[in-house]
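Undergrad: So that we are looking at the same thing, I have put the structure below in structure tokens.
The values are calculated or read from the model by the stated rules, or taken from the named source; none is laboratory data. In this text the structure is predicted, and so the values were computed from the model without any measurement. Positions of Cβ are backbone-derived with ideal geometry, glycine not excepted, and every protein chain shown enters the neighbour counts.
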Amino acid sequence: MKHIKKTVLIAALMFIFSPLEIFSQELFINSEVASSEAKNRKIISLFINGNKDIFNYTSYLGFMYGVTGKFTSMNKIYFSNKAGEQLGDIDIGTNYRFFSNDKKKFHLRMSAFGHLMIPMKPKNTTDSSDFAGKLLGDQYRQENFSLYGGYVLTILNNKFATNIDVSYNYNIPKGIFRYGNYVKGGVSFGYLVLPRKYISYKDVNLNVYLETKGYYYNANQINGNVLQNSGGKKLEIMLETQLIFFSSILFETGYVKSFADKNLNIQKDIFFTSIKYLFF
Amino acid sequence: MKTKLILITLLVFFTYIKSFAQVKEINISVDGFTCSLCAKGVEGQFKALDFVSKVRTNLEAASFDLWFKPGNQIKIEKIRSAVDDGGFSVGAINVDAEGTLVNSAGNYSLKTGNSPDLRLINVESSFNDGDRVTIKGSLTSSYSVSVSSIKKI
């Protein structure tokens, strides 16, 4: 709690003391954003979960493409370091910006997004004991297809960006095990530290982010029977930095702190690193 | 020899006339523009236009200067679409052009040679049909320019 208070205080101070003549950035790392990619722009990304003790599918290779100036295709292949199960899900996603209020160095935008998660190595789980407290996205994703979609609102005001997103995840079991559907919501903040004043595309950018995600999970099921000791609430708080070189290469690192109901038994902290390359 | 000289003189003269009459430069400011990555996306859309020869980006002002290939027609709608494709919104568009003034019952337009005729707003009545002028102003619609400065050449 003390940690959260401190973080909120720092974010508030950054907002108050932000000069008004500098651009802002809203290139959030772990949140959907309301801005879309430029038409025909291609982005490849590699996101590595740095916690060796956690076997999960949060590492991914991503590919984004600007279909139009308002419609972006976002796809990922998840992978892990577990022998024999390196390939995780395939995530096919889209983002459509349906509202824009753009002004000089300001925008308020809204987008709708949708994703289909396809399991690549489905299992037919019969033992419920391993799955009672598990959450989709933490382990064994390949048990379920997932459809999720939602809305995101981004407000940019000079060097400060705020992002609010809400989504719903619906799971379709491949076998008899079904993860609980969940609602997810987040409020995130971004702040441009450098450059103080843009001169050229070669200026190195430094952004810092505070992202929060709240989850409410329904209980898991096997053969339609609800598993006790499953479902519940989880909160993730992420502190991240983002360096941008030549306006084309993004290098990101972050720390994710999780707070979850005891029922979920997943209080794991994660360090991650990510690199992205924009083709124009 | 005399005939050759006359031909060369005429060629130079008409080449001069053609290059004289043109939209020379457009400055377009872009709204919602937030970062150098965003600017690069918009710049890429401008560079893909077949009539644009050069783009200069002002990151701090969130604006772009466009120059044009000789002999190509400038299409304002395509410039606007390029901003949309870049993911942002068009702010002000300022035009710097030279051409021949046409006065039709007090309504002025400018023949430029590399764009449809520009309808001019706010032109003093002291200008005559056929005057060669240079103008600066902002676009109010596709090819209408609210003139801020006009000079005879």
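Undergrad: Return yes or no: is A:D165 at pLDDT below 90, within 30 Å of A:K39 (Cβ to Cβ) and crowded, with 20+ Cβ neighbours inside 10 Å?
TA: no
Undergrad: Residue under question is A:Y170, and the condition is that it be among the hydroxyl-bearing types (S, T, Y) and assigned to a strand (DSSP E or B); does it hold?
TA: In short, yes.
Undergrad: Quick one: A:A219 ticks every box in (1) surrounded by 20 or more Cβ atoms within 10 Å (Cβ to Cβ); (2) of a type outside the set (V, I, T); (3) out of contact with any Asp or Glu (no Cβ under 9 Å at 6 or more places or on another chain) except a single one, so which number is it?
TA: With (1) surrounded by 20 or more Cβ atoms within 10 Å (Cβ to Cβ); (2) of a type outside the set (V, I, T); (3) out of contact with any Asp or Glu (no Cβ under 9 Å at 6 or more places or on another chain) applied to A:A219, the lone miss is (1).
Undergrad: I would also like to ask the following. In the stretch B:52-67, what residues are modelled with pLDDT under 95 and hydrophobic (A, V, I, L, M, F, W, C)?
TA: B:L59, B:A61, B:A62
Undergrad: Further question: Residues to consider are A:L235, A:L227, A:L243; find the one that is touching a residue at least 24 places away in the same chain (Cβ under 8 Å) and more than 29 Å from A:L116 (Cβ to Cβ).
TA: Checking each option against the conditions leaves just A:L243.
Undergrad: Tell me which residues, restricted to the stretch A:208-246, are closer than 22 Å to A:D165 by Cβ and not in a strand (DSSP E or B).
TA: A:N218, A:G231, listed by residue number.
Undergrad: Okay, moving on. Give the stretch B:48-65 a look and list any residue that's part of a loop (DSSP other than H, G, I, E, B), over 12 Å from B:S29 (Cβ atoms) and more than 9 Å from chain A (Cβ to nearest Cβ), or say none.
TA: The answer is B:L49, B:D50, B:F51.
Undergrad: Further question: Do we have B:Y143 as in contact with a helix residue (DSSP H, G or I) (Cβ under 7 Å, 6 or more places away or on another chain) and at pLDDT below 95 here?
TA: yes
Undergrad: Moving to a separate point now. Any residue at all in the stretch A:73-90 that is within 13 Å of chain B (Cβ to nearest Cβ) and at pLDDT 90 or above?
TA: no
Undergrad: So for the stretch B:77-98 (the condition being under 28 Å from B:T34 (Cβ atoms), of a type in the set (K, R) and not in a strand (DSSP E or B)), does at least one residue qualify?
TA: yes
Undergrad: On the given criteria, is B:D84 more than 14 Å from chain A (Cβ to nearest Cβ), surrounded by 13 or more Cβ atoms within 10 Å (Cβ to Cβ) and either at pLDDT 90 or above or within 16 Å of the chain's Cα centre (by Cα) (or both)?
TA: no
Undergrad: Considering only the stretch A:189-210, I want to know if a residue exists there that is of a type in the set (K, R) and crowded, with 20+ Cβ neighbours inside 10 Å.
TA: For the stretch A:189-210, residues of a type in the set (K, R) and crowded, with 20+ Cβ neighbours inside 10 Å: absent.
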